[in-house]
Amino acid sequence: MGRQFAGYSQDGRICWVKLARRAGVPVVPIALKTDFQGNGRIIREIGPIVPQKSVYLNFGNPMTIEKTVEFIIENLGKWAV
């Protein structure tokens with residue numbers, strides 16, 4: 001499977017989705033608005049925090065994988081993204 005970062009393997013496969021589907025279990029969705037963090041020089045996803053911006057984070061109840069996308073879109077809409 002290789003190294004993983006944010007649920008992805010090195011070749012870009014979404015590992016946690018495959019694992020949950022195979023096991024037939026629900027997932028706990030997380031919606032996170034990430035514009036509070038700038039781009040990093042070495043690792044783009046890990047940059048400096050911008051203190052003027054708010055952090056928006058919401059955990060949902062366990063649900064099917066298909067409903068997680070709806071959960072994330074709904075929350076981003078509430079946060080005016």
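Just so it is clear, none of the values below were taken in a lab; they were calculated from the coordinates. Everything numeric in this text was worked out from a predicted model, so none of it was measured. All Cβ positions, even for glycine, are placed from backbone atoms using ideal geometry, and neighbour counts span all protein chains on display.
Quick look at the numbers
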| quantity | calculated |
| --- | --- |
| Lys, Arg +1 and Asp, Glu -1 on Cβ, resulting dipole of the stretch 4-78 about Cα centre, debye, nearest 20 | 120 |
| Computed Kirkwood radius, in angstrom, where 1/r is averaged over Cα pairs of the stretch 4-78 | 14.1 |
| Anchor K18: lysines whose Cα lies under 21 Å away (excluding residues fewer than 8 positions away in-chain) | K67 |
| Exposure proxy order (Cβ contacts within 10 Å, fewest to most) of E66, E74, E45 | E66, E45, E74 |
